[in-house]
1. Mind ordering 159-167, 81-89 by average Cβ neighbours within 10 Å, highest first?
2. Multiplying the sequence separation of residue 78 and residue 111 by 0.36 nm and subtracting their Cα-Cα distance, what value in nm do you get?
3. Figure the gain on full extension for residue 85 and residue 140 (residue separation times 0.36 nm, minus the Cα-Cα span) and round it to one decimal in nm.
4. Full-extension gain between residue 103 and residue 11, please, as 0.36 nm times their residue separation minus the C-alpha to C-alpha distance.
Amino acid sequence: RKGYIKVIWAVCVVSVILGGSLGLLQKWNGMGDASLFKVSALSLFFSFGSRIMVKKFFLTRQQLVYPVTLIDDEMEIQMLALLDTGNGLIEPISKKPVCLVGKNVFEENKAKEGGRKEFQPQKFRIIPYHSVGKEKGILSGYEMDRLIIDTDERKVIIEKPMIGISEVPVSGNGSYQMILQPELLREGVNENDIKNVAAR
């Protein structure tokens, strides 16, 4: 929202500058009213076109963030998840797609719930990964009970999802708390709105 407002302000400032410049051109160069009208109309057309493109860009980005609910035993955490098409992380043994959640999310939930019990040890997994700036690394992971993704069009229910625990928040500004693996939203898994990709 802040980025969108900044862009709108920038368009307004440019429009004011452009209007003043056209006035000066008309005064100094004797530009006729007809020519001035044509230039003004063309500038207005590009202004509205750029605004529509910016709005479409921000709406597209917004559509990549979905409300999700993560469930494990008695724990139920609602958060926002970013669909990252570049996330191809897979747990090597089960071959399940891995979603990333910051450790801070579970710590905050634990504090809010008054010290909920830790994850069950048998659900623990070690997930190797590599990323830009770090050739190899190890993530702690847990197989949880259920992940519900609300895409507005349908609710996608993933049984036994694999969650990788990031030591740092996955979003620097806190706009989302999970990074979704795109395989979880792959079309054509079954004919229903409820999908069971991770438990196959």
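Read-outs throughout are calculated quantities, based only on the coordinates presented, and are distinct from any laboratory measurement. The structure presented is a predicted model; accordingly, all values stated were derived computationally and were not measured. Positions of Cβ are backbone-derived with ideal geometry, glycine not excepted, and every protein chain shown enters the neighbour counts.
1. Highest-to-lowest ranking by the protection proxy: 159-167, 81-89.
2. The residue 78-residue 111 span can extend by a further 10.4 nm.
3. Roughly 17.6 nm would be gained on extension.
4. Stretched out fully, the residue 103 to residue 11 stretch lengthens by 29.1 nm.
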